[in-house]
Amino acid sequence: MPSHFEQKILPYTPEQMFDLVAAVDQYKEFAPWCLGSRINKWDGENIFYADLVIGYKMFRERFSSKVILDRPHSITIEYLEGPLKHLTNEWRFISEPNGHCRIDFSVEFEFNHFVFQSLVNVFFNEVVKRMVSAFEKRAYELYANE
């Protein structure tokens, strides 16, 4: 099963990065291959359910997830429904002494369909790096002038 861990230190606060990642309904504006994103329902203040539509060329799939918020420390995504057999995704936001934020990002997933999994295995690390890079660019657009 492919997995990826990435760590970055960015010149933003943990609160800023947490808010950016928690705004799932805005992913369609900046995340690569994200054709649609919405928050469907809140369960209290710290849990919501969301859908993402991911697409590339002829491929288009909807994913449903449960998102657990621990502001400003972490966001955990639990896969509920879609074309995957398994998905685990976590963002951790750690305050650095200089006011910056260390981000620990991890993802692990497996498709139900062998053909999709074979394709993803070839490009997995590049795809994940582009996704993380999109969040970094979005943070710059939102927070660089604050």
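In order along the range 30-41, the phi-based Karplus estimate (6.51 cos²θ - 1.76 cosθ + 1.60, θ = phi - 60°) of 3J(HN,Hα) comes to 8, 7, x, 6, 8, 8, x, 8, 7, 9, 8, 7 Hz; Gly and Pro are listed as x. Note on the range 25-64: with charges restricted to the Cβ of Lys and Arg (+1) and Asp and Glu (-1), its dipole about the Cα centre is near 280 debye. Modelled spin labels at Asp25 and Tyr79, positioned 7 Å past Cα toward Cβ, are 2.6 nm from each other.
Summing Cβ point charges (Lys, Arg +1; Asp, Glu -1) relative to the Cα centre of the chain gives a dipole of roughly 460 debye. Full extension of the chain segment joining Tyr143 with Lys8 gains 47.0 nm, where the gain is 0.36 nm per residue of separation less the Cα-Cα distance. Only one residue of Phe93, Pro32, Leu80 has its Cα farthest out toward the positive end of the dipole of the range 1-115, where Lys and Arg carry +1 and Asp and Glu -1 on Cβ, and that residue is Pro32.
All distinct Cα pairs of the chain go into the 1/r average, and the inverse of that average, the Kirkwood radius, is 15.8 Å.
Label positions at Ile47 and Arg130, each projected 7 Å from the Cα along the C-beta direction, are separated by 3.4 nm.
Full extension of the chain between Ile94 and Lys57 yields a length gain of 9.6 nm, computed as 0.36 nm times the residue separation minus the alpha carbon distance.
For Tyr12, the residues whose amide H sits under 5 Å from its own are Cys101, ignoring neighbours fewer than 5 places away on the same chain, with H placed 1.01 Å from N.
Values in this text are rule-based calculations from the coordinates and carry no lab data. Only a predicted model underlies this, so the values are computations on that prediction, with no experimental measurement involved. Cβ coordinates were reconstructed from backbone atoms using ideal geometry, including for glycine residues, and neighbour counts include every protein chain displayed.
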